[in-house]
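This report refers to the structure that appears directly beneath it.
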Amino acid sequence: MLHKFALAFKTKTIEFFAEDEEDEDADRFARSPAPGADGVLAGQRVVVLKPDQLNPNPSADGGVRAGSGQEAAVEAALATASSFQAAYLHLQAAHAPFLPEAAAAADAAAVSHLRRLSELKRIARGAPADSPGPDGDGTLTGHLEAQVRENQALLRSFDAVVNRLQAALDAKDAAAAALRLDLEALDDANARLSARLDRALAPPPGGDAVGAMLSAGVFDSVLRDALRVAHRFARALAEVLRCAGWDLAAAAAAAYPGVSYSKAGHCRYALLSRVCLSMFDGFDSYEFGATADPAELEGIELAIRRNESLQQFIEHSDADPMELMNSSPYCEFAQFCDRKYKQLIHPGIESSLFGNSDCGALPVMSVAGPLYELFVAMASSIWTLHRLAWAYDPAVGIFQVSQGTEFSTVYMENIVRSKGFSGSRELGKPGRPKVGFTVVPGFRLGGTVIQCRVYLDHGKREDDVIDSI
C-alpha cells in the first residue's frame with residue numbers, strides 16, 4: 001500500500017522561468033507567430049514528464065526479499081527457542097512444590113513451541129513460506145513478531161528465575177525463623193540449668209563453699225575421664241609393641257606370672273595394669289612422687305593446701321597440655337610427665353620401640369611420634385585428678401590389692417564384667433575367686449570407697465589368705 005502511494009505522488013519538479021515584467025510577457029505573446037506544424041511553441045521551454053519504472057530491477061528486489069525472509073526465519077527460530085526455554089523453566093518451577101495446573105500449562109506451552117520449531121525446520125528445508133500479503137509488509141511484520149516473541153520469552157524466563165529465587169528466599173526465611181525459635185528455647189534451657197547449677201553449688205548458710213562443691217560424684221567423674229584416656233593410650237601402646245615384634249602374651253606372663261586368663265586377648269589387661277599403676281604411683285603424696293622436704297610440707301596449713309590444690313585443678317582443667325609443655329618445659333607438670341615417662345617406659349622398651357624401623361622413622365614417644373600426644377593427655381588427666389584429690393579434707397586416699405586376694409564386691413570390681421563367671425561355684429568348689437592383679441587402683445573419700453578394678457585369676461581355686469586393703 002505504501003508502495004502504490006509513493007508511485008502516485010512521485011513526479012518531476014517543473015521549473016517555470018518568469019519574465020522580468022508582465023508587460024513584456026504580454027507583448028511577446030502578442031508578437032509571437034502561430035504555432036508550427038510540429039506543435040512546438042516558440043519562446044517556450046518544454047519539459048517532458050515521465051513516470052518512474054515500477055520495477056526497474058526485479059531480480060535485485062527478489063534477492064533482498066529472500067534475504068529478509070531468511071533473517072526473519074532465523075530470528076523466529078531463536079525467539080521460539082527462548083520461549084521453549086522459558087516454558088521449561090516454568091515446568092521445573094511447577095514441580096517444587098508440585099502445582100498441577102501450572103505444570104499442565106507449562107507443558108502445553110513447551111509442546112507448542114516445539115511444534116513451531118518443527119514448522120520452521122520444514123520451511124528451512126525447502127517448503128515455501130507464507131507469501132507476504134497484498135500490502136507487501138509481511139517481512140517487516142514477521143521480524144517484529146519474532147522480536148516480540150523473543151522479548152516475551154526472556155520476560156517469562158526472568159519471571160521463572162525470580163519465582164524460584166523468591167521461593168528459596170522464603171524457605172531461608174522460614175529456616176531462620178525456626179532457628180531463632182530453637183535458639184530462644186536453648187537460651188531458656190541454659191538459663192534454667194544455670195540457675196539450678198547456681199543453687200546446687202551455693203554453700204549452705206555459714207557453710208564451706210569449697211566443701212560444698214567437692215563431692216564423691218565430682219571426683220568419680222574426673223576419675224572416669226582419666227581412665228578413658230589411659231585406655232586409649234594402652235591400646236595405642238599395644239599396637240606399637242606388636243609393630244615392634246613384641247609377644248604381648250609372653251610380656252603379660254612375665255609381668256604377672258601364674259595368672260590364668262579366660263581369653264587369649266585378656267593379656268591386654270596386664271599392659272593396662274602396668275600403665276595405670278605406674279601413672280598412679282605416688283598419688284598419695286602432695287608432690288605426686290617428687291622429692292620434697294617433709295618438714296616443709298607439714299608446715300603448709302590445711303586451708304592453704306586445699307585452696308592451692310583447687311586453684312591448680314581449675315587452671316589446669318582450662319589449659320591445653322600440649323601448649324603448656326611447649327611454652328613451659330620446666331614447669332611442675334612438665335617435670336611430672338618426665339618422671340612418669342621414665343617410670344613407664346623402661347630402657348628395654350625404649351630401645352625396642354625407637355630402634356624399630358617398621359613403626360616409622362620418628363621415635364614413637366618423641367614430640368612428633370604417634371604416642372606423644374596420647375601420653376601427655378593421659379598425664380594431664382591424672383595430674384588434674386591428683387590436684388582435685390588434695391583439695392578434699394581429708395585428702396583422697398588410694399589403695400590396691402595384691403595377687404591372690406579373695407575377691408570382695410565391697411572394695412573390688414571385676415574389670416571383665418563377665419556375667420557367666422561367678423566364682424568357683426561353677427566348678428563345684430567352695431570359696432570365692434582370687435585376684436590375679438589390680439588393673440586400676442581404688443580410692444577412699446572419707447567414708448566413701450571407689451572400688452578398684454581387678455582381673456580375676458581363672459586358675460586359682462584354693463583358699464588363700466586375704467590381704468588387708
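Among ALA87, ALA103, which is more than 15 Å from LEU155 (Cβ to Cβ), small (Gly, Ala, Ser) and not in a loop (DSSP other than H, G, I, E, B)?
Result of the check over ALA87, ALA103: ALA103.
Do we find that SER418 is at pLDDT below 90, among the polar types (S, T, N, Q), surrounded by fewer than 20 Cβ atoms within 10 Å (Cβ to Cβ) and farther than 24 Å from ARG228 by Cα in this structure?
Against the criterion (at pLDDT below 90, among the polar types (S, T, N, Q), surrounded by fewer than 20 Cβ atoms within 10 Å (Cβ to Cβ) and farther than 24 Å from ARG228 by Cα), SER418 does not qualify.
What residue, of ASP173, ASP182, ASP159, is acidic (Asp, Glu) and over 30 Å from ALA102 (Cβ atoms)?
On inspection, the qualifying residue turns out to be ASP182.
Rundown of residues vs (1) at pLDDT 85 or above; (2) in contact with a Lys or Arg (Cβ under 8 Å, 6 or more places away or on another chain), yes/no style:
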| position | (1), (2) |
| --- | --- |
| MET279 | yes, yes |
| THR291 | no, no |
| LEU297 | no, no |
| GLU301 | no, no |
| LEU310 | yes, yes |
| ASP318 | yes, no |
| GLU323 | yes, no |
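Among the numbered criteria (1) at pLDDT 75 or above; (2) assigned to a loop (DSSP other than H, G, I, E, B), which one does GLY126 miss?
The single condition GLY126 does not satisfy is (1).
Tell me, which helices (runs of 4 or more DSSP H) wholly within segment 209-258 include 2 or more residues that are assigned by TED's automatic domain parsing to the domain that holds GLU373?
In segment 209-258, the matching helices (runs of 4 or more DSSP H) lie at 216-243, 248-255.
Hey, any hits in segment 47-63 for a residue that's modelled with pLDDT under 50 and β-branched (Val, Ile, Thr)?
Checking segment 47-63: at least one residue is modelled with pLDDT under 50 and β-branched (Val, Ile, Thr).
I'd like to check something: does segment 231-247 contain any residue that is under 20 Å from VAL416 (Cα atoms) and of a type in the set (D, E, K, R)?
Yes: segment 231-247 contains one or more residues that are under 20 Å from VAL416 (Cα atoms) and of a type in the set (D, E, K, R).
The values are calculated or read from the model by the stated rules, or taken from the named source; none is laboratory data. Because the structure is a prediction, the values reported are computed rather than measured. Neighbour counts are summed over all protein chains in view; Cβ atoms, including those assigned to glycine, are modelled from backbone coordinates with ideal geometry.
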